[in-house]
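Below is one structure, written out as structure tokens, with a few remarks after it.
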Amino acid sequence: MSALTITTADGQTLETLRDGAAIGAALGELGVQFEQWEANAPLAADADQEAVLAAYADDVERLNAQYGFQSVDVVALGPDHPQKAEMRQKFLAEHTHADFEVRFFVDGSGLFYLHVGDKVYMMLCEKGDLISVPANTTHWFDMGEHPNFKCIRFFTTPDGWVGNFTGSDIATRFPDFDAYRASL
Ligand SMILES: [Fe+2]
């Protein structure tokens, strides 16, 4: 189940929200767009990109009209992927992007950490969750030791994913995906 835990920058928990509307309101204050989508039709677990985009066509088109994305694709990562450890590592340190990071979870889950002011927002995204992290917002992401997700990614630039690392070790002081999930 989706959850948002707000902590101080040194990791003391302030509150945990589980209601989608409450999560959307709390993240909205940071300029982070959070929505929960339902598929137009049942979707097989092994649905390809075309079928996934068709199942969420209404919401994808609405978001496209809002932002004018240059590219939209579907990526999936499972626990059997031989490069899962390297792929996990890539997103684990605090970074920003010049483009905003927009992800919709078709399946599986992932944990976004947003570091805004003197707080950290741990957002566990699950199936049906859309999150948009604004440009230049410091954040990191953990997919866990056994990653399992299928996501629609939206890009406004043709460059794809480019991370600017802050050099901060703040991420090492927070529970990882597996520890956070176990704590809920
Ligand atoms: Fe990122």
>> What are the ³J(HN,Hα) couplings of the range 27-42, residue after residue, when phi is run through the Karplus curve with 6.51, -1.76, 1.60 and θ = phi - 60°? Round to Hz, x for glycine and proline.
In response: 6, x, 5, 8, x, 8, 8, 10, 9, 10, 10, 10, 5, 5, 8, x
> Charges only on Cβ, +1 for Lys and Arg, -1 for Asp and Glu: so what's the dipole of the chain about the Cα centre, in debye to the nearest 20?
Replying inline: 220
> Semi-axes of the range 58-150's equivalent ellipsoid from the Cα gyration tensor, sqrt of 5 times each eigenvalue, largest first, rounded to whole Å?
Replying inline: 21, 19, 12
> For the residue pair K119 and D48, what label-to-label distance in nm results when each label sits 7 Å from Cα along the Cα-to-beta-carbon direction?
Replying inline: 4.4
> GNM on the chain, C-alpha springs below 10 Å: top fluctuator among H81, H139, H115?
Replying inline: H81
> For the pair R62 and A85, how long in nm is the line joining their label points, each one 7 Å along Cα→Cβ?
Replying inline: 4.2
> Comparing A98, A171, A41, which has the greatest mean-square fluctuation in the GNM of the chain with Cα pairs linked when under 10 Å apart?
Replying inline: A41
> Using only the Cα atoms of the chain, what do you get for the radius of gyration and for Dmax, in Å?
Replying inline: 15.6, 44
>> Between 0 and 90 degrees, rounded to the nearest ten: what's the tilt of helix 57-67 against the longest Cα principal axis of the chain?
In response: 60
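None of the figures in this text is laboratory data; all of them are computed from the coordinates on show. Please read all numbers here as calculations on a predicted model, not as lab measurements. Heads up, the Cβs are rebuilt from the backbone with ideal geometry, glycines too, and the neighbour counts pull from every protein chain shown.
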